[in-house]
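Take a look at the structure below.
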Ligand code: ADP
Ligand code: MG
């Protein structure tokens, strides 16, 4: 029996089979295996495990690239003490993804500017990607514009379908969408298509009372809000701007003002009274 193998040919075969980790690792693994007397099965198992681990790592890297998350906004550098109404434990549970992304439930973050909505949304997105979920972070106005272009080219349905590959679509700053009827209807199409199948995370400065200004037609507003909140967790982040508080704290050399009023709640189906604009 001839134990000499043609390593050049082996490299070609591993290339052909697209097994880059094994291609890289086999010389050191086989050497160790010979030295330590591993069984052939154990060697094969180790190589296979490394290939799969490497594949997972590359996939997550790819998903991170496509997610377009905000740079350097993580849960580690999010100060939970600044938003006392949000429980870190609840956020951690959401970051596992199980239990809500599978059923297309939603997460809604409301609060005034600077309160950390975009930071928290992006950080949750990052955690989810690291756990293997696919996420896309988009400014709502940018995404609406893209969908509008798609619609003009008769490709709206396909464009919305392509977003299906994302388990979570983060629509940052919903209320800043301009109030043009055509724009709001592409947003409505998107929300309707994802309903109970794929999750959305929405951040908005205004709670539902003001959404009549996003979706001009009241029936459309009600239908959109109804779908969004049907299976949703809502965080009301009614805190002062984090930066302003930090600046004031530095100035006073003391702690910033504390949050005044806020709640975290899970909501059930919406009633029409939830959609009344303030008079
Ligand atoms: P919003 O989207 O609610 O307007 P941002 O998430 O953009 O607010 O927050 C404004 C800035 O303040 C960002 O740089 C963000 O990282 C920071 N920030 C806000 N809240 C927190 C927090 N709780 N911990 C750490 N940084 C925060
Ligand atoms: Mg924001």
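Using a Gaussian network model of the chain in which every pair of alpha carbons under 10 angstrom is joined by a spring, one finds that among 35, 73, 131 the greatest mean-square fluctuation is at 35. When you count the other C-beta atoms within 10 angstrom of each residue and take the mean per peptide, 220-228, 60-68 line up highest first as 220-228, 60-68. Listed peptides 186-197, 15-26 appear in the order 186-197, 15-26 once ranked by packing, highest mean of other Cβ atoms within 10 Å at the front.
Of all DSSP-defined beta bridges confined to the chain, some 20% are antiparallel rather than parallel.
Estimated purely from DSSP H runs of n ≥ 4, each contributing -39500 (n - 2.57), the mean residue ellipticity at 222 nm for the chain is -15500 deg cm²/dmol once divided by its residues. Compared with the dominant Cα axis of the chain, that is its longest principal axis, helix 117-130 is turned about 20°.
Taking the convex hull of the alpha carbon positions in segment 57-162 and averaging its projected area over all directions gives 8.0 nm². Residues 87, 127 in ascending order of nearby Cβ atoms (within 10 Å, fewest first): 87, 127. When you count the other C-beta atoms within 10 angstrom of each residue and take the mean per peptide, 201-211, 154-164 line up highest first as 201-211, 154-164.
Pair-distance distribution P(r) for segment 22-65, from all Cα-Cα distances in 10 Å bins starting at 0: 28, 42, 21, 10, 0 percent. Beyond 34 Å, the tail of the calculated P(r) for the chain holds 36 percent of the Cα pairs.
Computed on the chain, with alpha-carbon pairs under 8 angstrom and 6+ residues apart, the relative contact order is 21 percent. Start at zero, step by 5 Å, and the Cα-Cα distances of segment 99-225 spread as 2, 11, 21, 24, 22, 13, 5, 1 percent across the bins. Using the Cα coordinates of segment 1-117, the gyration tensor eigenvalues translate into equivalent-ellipsoid semi-axes of 48, 16, 14 Å, sorted from longest to shortest.
Just so you know, all these numbers are worked out from the coordinates, no wet-lab data involved. Owing to the predicted nature of the structure, the values given are computational and were not obtained by experimental measurement. All Cβ positions, glycine included, derive from the backbone under ideal geometry; neighbour counts span all protein chains shown.
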